[in-house]
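Here it is, the structure, as structure tokens.
The values are calculated or read from the model by the stated rules, or taken from the named source; none is laboratory data. What you are looking at is a predicted structure, and each value in this text was computed from that prediction instead of being measured. Quick reminder, even Gly has a Cβ in these numbers, built from the backbone with ideal geometry, and neighbours come from all protein chains shown. With ligands, DNA and RNA removed, areas are computed over all heavy atoms of the protein, side chains included. Shrake-Rupley method; radii C 1.70, N 1.55, O 1.52, S 1.80 Å.
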Amino acid sequence: KKLPDKLPHGDVTVDPLIAQAVFGDKIPEEHGNFLVYWMTESFSDAFFERHRRLREFLGFDFAHVFPREPLTRIGETQEGYPIIRDVWGGKVVAAPHSTDELESPIPDITRAADYQFPDVKDFSFDNLERWARESDLFTVCQLDTGFFKIYLLIGFTKYMFHVFDHRAELKLLMERLTDLQIRIAQEAVRRGADCIWLANDYAFNQGPFI
């Protein structure tokens, strides 16, 4: 009998606590909101080498990366947390273990046609290219699609209502997002991605969607 191929091993990110347990130390990049760092910052040499070695140690088959979304710091909260604006036009607070939205990119769904989506050139592919060039891992590039991205543009609760009362506007946003993500995917493949992972996260443990 021929043994089937094993399931590929990997994950979106690896908790910094695991890296610290494996290597016995901590580096500056592993402080604060780690997922925000993973998605938005250019990896330092020390950080990349550490997490490449970590994935090899864990027996991973793939590295999971994103088209990097550079952030603009526009202030801070009374607690000292940075207030940032992303390439989509949203304004959020980056707390140590979460992000809290202050302003959605599309506050009024009736003006959906006026919203300007970012362009491919607004994203950076430097981290993706590095995984493709400097590791032996299968390089997966994640794109947030459909429901997952649109509710981040208009707000989660509003999305639920607009499915019923503003279907035409939601359809328009979905079509424009799809066009953008196709172009981002083409660029990611050109930069070395082996796979495009389309994320559409309905899996909320206590949420209203199933």
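Looking at segment 22-43, is at least one residue open to solvent by 30 Å² or more (accessible area, probe 1.4 Å) and more than 29 Å from Glu129 (Cα to Cα)?
Looking for residues that are open to solvent by 30 Å² or more (accessible area, probe 1.4 Å) and more than 29 Å from Glu129 (Cα to Cα), one finds none in segment 22-43, hence no.
Checking Glu101 against (1) under 24 Å from Thr145 (Cβ atoms); (2) within 15 Å of the chain's Cα centre (by Cα); (3) in contact (Cβ under 8 Å) with a residue 40 or more places away in the chain; (4) surrounded by fewer than 19 Cβ atoms within 10 Å (Cβ to Cβ): exactly one of these is not met. Which one?
(2)
Does Leu143 fit the bill of being in contact (Cβ under 8 Å) with a residue 40 or more places away in the chain, open to solvent by less than 60 Å² (accessible area, probe 1.4 Å) and touching a Ser or Thr at 6+ places or on another chain (Cβ under 7 Å)?
Taking the combined requirement at face value, the residue does not satisfy it.
Can we say Val92 is of a type in the set (Val, Ile, Thr), buried (at least 19 other Cβ atoms within 10 Å of the Cβ) and part of a loop (DSSP other than H, G, I, E, B)?
So Val92 fails the test.
Is there a residue in segment 47-54 that is open to solvent by less than 60 Å² (accessible area, probe 1.4 Å) and either among the hydroxyl-bearing types (Ser, Thr, Tyr) or part of a loop (DSSP other than H, G, I, E, B) (or both)?
No: zero hits.
Checking the condition farther than 30 Å from Leu177 by Cα and under 18 Å from the mean Cα position of the chain (by Cα), which residue from Pro70, Pro4, Pro28, Pro16 passes?
That would be Pro16, the only listed residue that is farther than 30 Å from Leu177 by Cα and under 18 Å from the mean Cα position of the chain (by Cα).
Kindly evaluate Thr178 against the criterion of being open to solvent by 30 Å² or more (accessible area, probe 1.4 Å), farther than 28 Å from Glu129 by Cα, among the β-branched types (Val, Ile, Thr) and not in a loop (DSSP other than H, G, I, E, B).
No; evaluated as a whole, the condition is false for this residue.
For segment 73-89, how many residues meet the condition of being among the hydroxyl-bearing types (Ser, Thr, Tyr) and open to solvent by less than 80 Å² (accessible area, probe 1.4 Å)?
The qualifying residues number 1.
Which of the following residues is among the hydroxyl-bearing types (Ser, Thr, Tyr) and in contact with a Pro (Cβ under 7 Å, 6 or more places away or on another chain): Ser135, Ser124?
When all the criteria are applied, what remains is Ser124.
I would also like to ask the following. Would segment 106-113 turn up any residue that is touching a residue at least 60 places away in the same chain (Cβ under 8 Å), outside any loop (DSSP other than H, G, I, E, B) and open to solvent by less than 70 Å² (accessible area, probe 1.4 Å)?
There is at least one residue in segment 106-113 that is touching a residue at least 60 places away in the same chain (Cβ under 8 Å), outside any loop (DSSP other than H, G, I, E, B) and open to solvent by less than 70 Å² (accessible area, probe 1.4 Å).
Could you go through segment 110-118 and let me know if any residue there is closer than 20 Å to Leu35 by Cβ and at pLDDT 95 or above.
yes
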